[in-house]
Amino acid sequence: MKLATVQYKGETYVAAKGEGNKLLLLQPAAEKMAGHTDYIPNDMLAIIQSGEEALVKINEVLEWTKRTGEFLLDEDEVTFLAPIPKPSKNIFCVGKNYRDHAIEMGSEADIPKHIMLFSKAPTTVIGHKEGIPNHSEVTNELDYEGELAVVIGKTGKAIPKEAALDHIFGYTIINDVTARDLQAKHKQFLLGKSLDGSCPMGPYIVHKSLIEDPKVLDIVTKVNGEVRQKGNTSQFIFPIEEIISVISRGMTLEAGDIIATGTPAGVGKGFNPPKFLKSGDVIEISVQSIGTLQNSVQ
């Protein structure tokens, strides 16, 4: 099951990906099938928080649509928002989770022994194909970071590593756009990571049942067609189970929380000379079994 949040004719819907490039608008289809408007929530966070019950109902609507063919649209008929357009809290982000990326940002001494965490404000989030502001008034060093993101599906605290994957709803793609000069100037990550529009996300959340093994997913980032990053989640220093367990030791992870798991080597700052983003650049981030997130710098 692949779920998206889209706009169609001025209205916002949760949509499920059907066959080919078809999308099913869930709420109107569910209303027609069930005869009332509250069969499936028309909000991604509410669907995630509803757990298995919502997934069963979505599958029922998908099966009904296969017979009727109603409420299906082509992907190019809609505007993609981020799957969770307004996260309820900051996005958790893991820094330097690939050995080669840690080295390109400094040296082997920068390879972390413990998980590095920072966050991005909810106002950073934008959707697939939405423009990334260049923020030329505050930065000259805008950079990209292609990442696999985990979406929590079950609230928990002090989650043991062996139970961590049970708390996942699904996976999506994030571009952790970063102002490197602000990051260096302020000696911390929040301002350089939280510029408005600096967290493209999507296009879909892919339910965990469709990801056979999240530990072996290829990640590729292209800028204007040039491959800049090429990695695999098998290269994580800290695996997903450990990330979830560490974050949750003293902090409750809630259904709908988002965790970006880190980026491979090949960011703009890692080149000599650096290859920072400029207006007109097109960034495409592809993650195996999930899809491709594409955005352009305004």
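Considering only region 32-45, I want to know if a residue exists there that is outside any loop (DSSP other than H, G, I, E, B), in contact with a Ser or Thr (Cβ under 6 Å, 6 or more places away or on another chain) and buried (at least 18 other Cβ atoms within 10 Å of the Cβ). Yes, region 32-45 contains a residue that is outside any loop (DSSP other than H, G, I, E, B), in contact with a Ser or Thr (Cβ under 6 Å, 6 or more places away or on another chain) and buried (at least 18 other Cβ atoms within 10 Å of the Cβ). I need the full set of residues from region 261-279 which are over 30 Å from residue 152 (Cα atoms) and among the polar types (S, T, N, Q), in order please. Residues satisfying the conditions are 272, 279.
Return a yes/no flag: does region 273-286 have any residue that is surrounded by 14 or more Cβ atoms within 10 Å (Cβ to Cβ), of a type outside the set (Val, Ile, Thr) and assigned to a strand (DSSP E or B). So far as region 273-286 goes, yes, one or more of its residues are surrounded by 14 or more Cβ atoms within 10 Å (Cβ to Cβ), of a type outside the set (Val, Ile, Thr) and assigned to a strand (DSSP E or B).
Total residues in region 47-67 satisfying the condition of being open to solvent by less than 30 Å² (accessible area, probe 1.4 Å) and not β-branched (Val, Ile, Thr): the figure is 3. One residue alone among 262, 268 is touching a Pro at 6+ places or on another chain (Cβ under 6 Å) and buried (at least 18 other Cβ atoms within 10 Å of the Cβ), and that residue is 268. Screening residue 173 on (1) touching a Leu at 6+ places or on another chain (Cβ under 6 Å); (2) farther than 26 Å from residue 215 by Cα shows it passes everything except condition (2). The residues in region 181-213 that are open to solvent by 10 Å² or more (accessible area, probe 1.4 Å), in a helix (DSSP H, G or I) and not polar (S, T, N, Q) can be counted, and the count is 9. Applying the criterion of being in contact (Cβ under 8 Å) with a residue 40 or more places away in the chain and either open to solvent by 40 Å² or more (accessible area, probe 1.4 Å) or assigned to a helix (DSSP H, G or I) (or both) to the residues of region 1-12, the residue that is farthest from residue 173 (Cα to Cα) is 8.
The values are calculated or read from the model by the stated rules, or taken from the named source; none is laboratory data. What you are looking at is a predicted structure, and each value in this text was computed from that prediction instead of being measured. Backbone-built Cβ (ideal geometry, glycine too); neighbour counts: all protein chains shown. Accessible surface is based on the protein model in full, side chains and every heavy atom, while ligands, DNA and RNA are left aside. Shrake-Rupley method; radii C 1.70, N 1.55, O 1.52, S 1.80 Å.
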